[in-house]
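Read-outs throughout are calculated quantities, based only on the coordinates presented, and are distinct from any laboratory measurement. It should be emphasised that the depicted structure is a prediction, and the values quoted were computed from it without experimental measurement. Please note: Cβ atoms are built from the backbone with ideal geometry, for glycine as well, and neighbour counts cover all protein chains shown.
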Amino acid sequence: MSLTPTNLIMNSILLMALLFIGGCSSDLIDPQEKSPCDDTIWYMDQDNDGLGDIARTITQCEQPDGYVGNSNDNNDSVVIDSALMVTPGVQQAFLEGTTETPFGFYLFTPLEYKPQTSERLPLLIYLHGGGARGKSSTNPGILNRVLFDGPPKLISKNEWSPSRPMIVVSPQSPIIWRPDSLHEFIAYLINNLHVNVNRIYMTGLSMGGNGTFSYVSAKGSDAYVAAIVPIAGWGDVSTGSQFKDIAVWSFHGDADNVISVNRSIEMTNNINSTNPKTKAKLTIYPGVSHDSWTRTYNGTGAGTESSNYDTFDMDIYDWMLLFEKSK
């Protein structure tokens, strides 16, 4: 069909009307349609190094303050601290001041530790008692005190045989354990080791038992751990509600004349009074003094516990592995 001058004028008027209507109706368009934004995972960057913590994330459209869009989880070959050279199958000593953490520590990675694979291993943090305190930056040999008891002792004696491979890290402190320092230390391990962040556990004896309690008391649901095993320890009985999402199995000897067994009883009762997701357990050995940890860590205490409390009917490492941090 041929266009007449009249047709051209009418078409021009119609086009101008459509453009006018479209311009005036732009405010009716859904803002999300005008500026699409996909949800993004943001990682908390506590130390402002540009790499976020893979265990602390927020998923939302806009970048929140204190969060970044990348972490070393994007590349498993990345190690932030080049001083942390890992040898699988060996328990290695790292003196205070040689790594980017304030602690000296022993690190054990099993032969199954393979950062180039997708499988990340559970992490067990062991906290020593008061007798193993020290500063290896000024006295290197004092770090060996960490090997006196617990999992690092079993590893050094080739008696470590959990049913599933675990990374075991045993830091040394010169003073009583501080929750903030422990929290930062675990974050350091997460950022430098091939760790399953949903399966982090903590255990300790005496001062270390207090350290495990204190860590959860201070951090609550923000604690990295999924379960703890305090032995011959004590805690703040006013903080029971902080343990609502974290499993607890305590051990104590009823003849302990250093830390009264009542400290563990009171702590367990207080936690359970807040109706935690998993009821806190307490195993007590009759006639046993302060060293209730040796028989707990090597399992020989099973069957010798008081029938009035929870039975020692399961390996503590298998018990911890029953629990996983909520994803």
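Couple of notes before you dig in:
- Residues with amide H under 5 Å from that of Tyr224, placed H, sequence gap 5 or more: none
- For the peptides 226-234, 248-256, 136-144, 192-200, the ranking by mean Cβ contacts within 10 Å, running from highest to lowest, is 226-234, 248-256, 192-200, 136-144.
- Applied to the stretch 136-148, the Karplus parametrisation 6.51 cos²θ - 1.76 cosθ + 1.60 on θ = phi - 60° returns per-residue 3J(HN,Hα) values of 6, 5, 9, 9, x, x, 6, 4, 5, 4, 4, 7, 5 Hz, with x for Gly and Pro.
- Shown here are the Rg and Dmax of the Cα trace of the stretch 177-327, at 14.5, 44 Å.
- Under-5 Å amide H pairs with Asp256, H placed in peptide plane, nonlocal only: Val261
- Note, ³J(HN,Hα) from phi for the stretch 293-308, Karplus 6.51, -1.76, 1.60, rounded to Hz, x at Gly and Pro: 8, 4, 5, 7, 5, 9, x, 6, x, 4, x, 10, 7, 5, 6, 7
- Phi-based couplings in Hz for the stretch 244-258 (Karplus 6.51, -1.76, 1.60; Gly and Pro marked x): 4, 10, 10, 6, 10, 10, 9, 10, 7, x, 6, 9, 5, 9, 9
- Shape of the stretch 144-188, Cα gyration tensor, a/c cut at 1.5: oblate
- With 32 Å as the limit on Cα-Cα distance, the pairs of Lys135/Lys219; Lys114/Lys325; Lys157/Lys219; Lys114/Lys244; Lys114/Lys279 that go past it are Lys157/Lys219; Lys114/Lys244; Lys114/Lys279.
- Applying D = kT/(6 pi eta Rh) to the stretch 76-320, where Rh is the Kirkwood radius over alpha-carbon pairs, T corresponds to 20 °C and eta to 1.002 mPa s, the Stokes-Einstein value obtained is 119 µm²/s.
- Each of Lys244, Lys153 was scored by other Cβ atoms within 10 Å of its Cβ. Arranged with the fewest first, they read Lys244, Lys153.
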